[in-house]
Every structure is written in C-alpha cells, then in structure tokens.
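Each remark here refers to the structure printed beneath this line.
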C-alpha cells in the first residue's frame, strides 16, 4: 500500500491545528482510503498554546506526528526540513490556515498516479487583501524577468512532491533553501504540472506575513536566483563615476574662467553628491544582501534544531535531531 505524507508547518495556529487535522484526516480516510498516510505538523516555536493542542491531537492518532523546533527558524527552513522528515511515497505540503484548499488533495494524488512527480497549486485569484495580491504579482513578474530560472508566479509551495524529489531535497545540503526556486529550477525533470485554485481567506488568527517577512522572501529569491542586481550595480557604478568626473570638470572649468553668470555657488556640486551618493548607498545595501546570503551559506548552521518529536519511530532519529536528513 502506498503512503501519503501531508506536511503542515505552523506558527501560533492554536485555533487552526485541530480543525486542519480533522479536515486532512477526513479526506485521507474517505477520498483516499486506499492509501496509508501520515500527517506531520512542524511547529516553529509557537507561544500561543499550539504545541499543547498538537500534543493532544497526536495522543489521539498515532499517524499524526509533530516536530517542535527550539526556536523560530523562519518561513523557509522549517517547511523544507519538515518535508525531508516525511516517509511517504509522496508528500503534500500545505499551510495551516485553510488558505490552501484541502479538497485539492485527491486531485493532486490523481495527477501523481498519472506520472506527475510534482503537482503545484497555483493561485489564480485570492480573497486576501487585493493590494497585497497586486504587489505579489508585480514581485513575481520582476523576479521572472531578472532570473535565469523562470520562477513560478503565485506558487507558494502548496503541492505534491514525489519521494524522488524529496530525496533530491535531502541531498542539496542548502542552509537557506528556497523551495519555490528549487521547484522552478528542477521541476521540468520531474514532469511537473500545475493545478489552479482560488486562495481562500484565513480561517482564524492573523497572518504572520509582514513587511519584513515579505522583504526577506524577496531578497532570498533575488540573491539566490538572479545576477541582475550585481550587474546593474557595476554598470551604474561606472555611469556614476563618469558623471562625477564630468561634474567635477565642468565645475572646475567654470571656476577657472570666472564665469560671471555662474552664481549658483556649490549647487551643481551638491546636487551631484546627493544624486550619486544615493545611488551608491542603494547598491551598497544590495551588495550587503548578497554578502549576507553568502555569509549564511558559509556559516552553514543546521536548517532546524529540534526540541521534541511525537509519534516518530525510534529508527527515524528520536528527539533532538538537528541534521537535514
């Protein structure tokens, strides 16, 4: 009997974990009853009672598992690590707030059985804030134009992944994995297909996405999958240097000929300094993002350090595992 793993990352989702577990188990035991299953929650150090609720849920069903992280390892590391801990013939990754429709699971599995080793859920519309959705759309288009890898628009990671792809993830040894980019980069070799859906509103609680988390996602994708930022910095650096030299020569010539109409004082020089300085500061910051990316990879800390595991067999590593595999 084939086994389906469902991975659900969570952080402060006390009002959602129990209804989500009921909804997923209901689909797995009714619409997909011909398969064995496991449901794995990986908690990113929740502080609102989510962990206590997960312990209660796991106590009632041994096929529901949980991993508790010792601290919050971010929106990318924790789901990636959790996927690498699944044991099914395929793994379905979805969020805990019901924005990823549970009813799509049988469709994902159907396409998987047809030979598609990656089945990606793609948002065609969303009931979230329309301004946020518009900004996301602009971001995806920008990244697609900047990157050699054609990143997938409105793909959040929601989808099904065959165990062969999960094994690839285990072998990557990437300390800051960006699953959306990895799927875009290698998906064609796994016969990837897309299923469209409308993103629902969050069932309960508040979103944990804010400006910093969205900025972090954008910078990770830019610094991991594009060279345009560095190339643009180099080109504009040359242009700024040439413009600075031109302003300096013009200003010197005006002083030497003592042009009577030249009454602007230091205005041209000041304007040149401010304009060129702002350009330089912007690209110094961008270069800093690339350096931060490199620094994180060089330090190579573990993706996640576990505090506790629930309902895992002893041969899967027990508690306190901090390796990727």
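The values are calculated or read from the model by the stated rules, or taken from the named source; none is laboratory data. Everything numeric in this text was worked out from a predicted model, so none of it was measured. Every residue, glycine as well, gets a Cβ built from its backbone with ideal geometry; the counts of neighbours run over all protein chains shown.
Could you list, in sequence order, all residues of segment 32-52 that are buried (at least 22 other Cβ atoms within 10 Å of the Cβ) and either over 24 Å from residue 109 (Cβ atoms) or within 18 Å of the chain's Cα centre (by Cα) (or both)?
41, 42, 43, 44, 50
Which residue, of 80, 73, 11, is in contact (Cβ under 8 Å) with a residue 12 or more places away in the chain and either within 21 Å of residue 119 (Cα to Cα) or touching a strand residue (DSSP E or B) at 6+ places or on another chain (Cβ under 6 Å) (or both)?
80
So, of the residues in segment 78-96 that are touching a helix residue (DSSP H, G or I) at 6+ places or on another chain (Cβ under 8 Å) and in a loop (DSSP other than H, G, I, E, B), which turns out to be surrounded by the most Cβ atoms within 10 Å (Cβ to Cβ)? It would help to see each step written out before you state the result.
To start, the set of residues in segment 78-96 that are touching a helix residue (DSSP H, G or I) at 6+ places or on another chain (Cβ under 8 Å) comprises 79-80, 83-94, 96.
The next check asks that each one be in a loop (DSSP other than H, G, I, E, B); those that pass are 85-89, 94, 96.
Working: 85: 24, 86: 24, 87: 15, 88: 21, 89: 17, 94: 26, 96: 24.
Looking at residues that are touching a helix residue (DSSP H, G or I) at 6+ places or on another chain (Cβ under 8 Å) and in a loop (DSSP other than H, G, I, E, B), I get 94.
Looking for whichever is part of a helix (DSSP H, G or I) and modelled with pLDDT of 80 or more here; the options are 161, 197, 186. Which one fits?
186
Go through segment 128-149 and count every residue that is modelled with pLDDT of 70 or more and not in a helix (DSSP H, G or I).
Number of matching residues: 0.
From the list 40, 105, which one is in contact with a helix residue (DSSP H, G or I) (Cβ under 8 Å, 6 or more places away or on another chain) and either within 20 Å of residue 176 (Cα to Cα) or without any contact (Cβ under 8 Å) to a residue 60 or more places away in the chain (or both)?
40 is the lone residue from the list that is in contact with a helix residue (DSSP H, G or I) (Cβ under 8 Å, 6 or more places away or on another chain) and either within 20 Å of residue 176 (Cα to Cα) or without any contact (Cβ under 8 Å) to a residue 60 or more places away in the chain (or both).
Taking into account only those residues within segment 111-127 that are in contact with a strand residue (DSSP E or B) (Cβ under 9 Å, 6 or more places away or on another chain) and part of a helix (DSSP H, G or I), which is surrounded by the fewest Cβ atoms within 10 Å (Cβ to Cβ)?
Result: 111.
Which of the following residues is within 20 Å of the chain's Cα centre (by Cα) and at negative phi: 61, 77, 16?
77
Report the residue count in segment 284-315 for those that are out of contact with any strand residue (DSSP E or B) (no Cβ under 9 Å at 6 or more places or on another chain), under 21 Å from residue 67 (Cα atoms) and either part of a loop (DSSP other than H, G, I, E, B) or modelled with pLDDT of 70 or more (or both).
Number of matching residues: 4.
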